[in-house]
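Just so you know, all these numbers are worked out from the coordinates, no wet-lab data involved. The model shown is predicted, which means the values in this text are computed figures rather than measured ones. So basically every Cβ, Gly included, is an ideal-geometry build from the backbone, and we count neighbours across all protein chains shown.
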Amino acid sequence: MLDTVAPSPPVTREPAVPPPPSRWHPLTGGTAVWLFMCIEVITFGMFLLGHAWGWRGQAAVYREAQALLHVDSGVRGTVLLLVGSGLAYQAVLTNAAGRPRATAGWFAASAVAGLAFSVNKVLEYGSPELAGITLSTNDFWFSYIFITGLHLLHVLGGVGVLAYLSVQAARGVYGPDNALNVEAGAAYWHLVDVAWILVFPILYLMHP
Amino acid sequence: MKRTYLSFLALTALLGLTGAMWALAGAESSAAMVAAVAAVKMVVIGAVFLELDCAWPGWAVAAAAIVGTVLGGAVLLMGA
């Protein structure tokens, strides 16, 4: 004889309550890129602190060398990087608004700004005042060539990233629901800017 | 549009501060003054990250600590 199984009562579910809105959104571009940014700024910072320490005991040599630097070139570079960061930020905004062609255009413009910074820096390296100066000339020039060269490599890498993002955005790959790469690329470009904002005053402007 | 205007406002402030640093360096000002203006630039950038990118504030505090250490440390190490 088969037992009849009583039907189980229907499960009543509580209506899903959305979590309270948070004032702080998740990190733009993801946590990994922010960790990378922190490590990079610390790296640049350590080299710059080493350079600052070099002023002790070699102040005359450092002052003479610093006087040869093209501060106007440094200012041009600062302006180009700041404008480039602003353009990259516009790309993030237009991507969030679902305008892929505008996103591609802003990223392309930002890459052009980065390229202009690179040309400006190469012209600075090739200026007659810096002719014959190498990494081994003295400690000041070692710091200058090494730190600005390291930064220039970051800029060139960033130009490649921005150009890639521009092409992909033009193909319609990104959008409001697929913004991680867009935000990560823009965050990286902000890092390049922040690093330069440390490099410029400490190498070009500051002295005892 | 508010975010766009804010970003342009921040950019203008940063460009102005860059000019101020240039002027200070030309006037043979102390390293501490140049570093102070650079620190103000970082505050503006921090505000951009906080208000425009809405990043978690702890990261802005960490960034400020790193940048402040580098700028302040540079001034101290130079003996300025």
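Numbers below:
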{"read-out": "Local net charge near residue B:14, Cβ-Cβ under 10 Å (Lys/Arg +1, Asp/Glu -1)", "value": "0"}
{"read-out": "The stretch A:66-165, relative contact order [Cα under 8 Å, separation at least 6], %", "value": "32 percent"}
{"read-out": "Counted charge near residue A:69, where neighbours are those whose Cβ lies closer than 14 Å (Asp, Glu -1; Lys, Arg +1)", "value": "-1"}
{"read-out": "Rounded to the nearest 20 debye, dipole of chain A from Cβ charges on Lys, Arg, Asp, Glu", "value": "280 debye"}
{"read-out": "Among A:176, A:128, A:100, residue whose mean-square fluctuation peaks in a GNM of chain A (springs only between Cα atoms under 10 Å)", "value": "A:128"}
{"read-out": "10 Å-binned pair-distance histogram of the stretch A:46-205 (Cα, whole percent)", "value": "11, 37, 26, 16, 8, 1"}
{"read-out": "Charge-dipole axis of chain A as Lys and Arg at +1 and Asp and Glu at -1 on Cβ define it, positive-most pick from A:174, A:34, A:133", "value": "A:174"}
{"read-out": "Max mean-square fluctuation residue, GNM over chain A, Cα-Cα springs under 10 Å, options A:58, A:66, A:90", "value": "A:58"}
{"read-out": "Three-way shape label, the stretch A:108-161, alpha-carbon gyration tensor, a/c 1.5", "value": "oblate"}
{"read-out": "Length-normalised contact order of chain A in % [C-alpha pairs under 8 Å, at least 6 apart]", "value": "34 percent"}
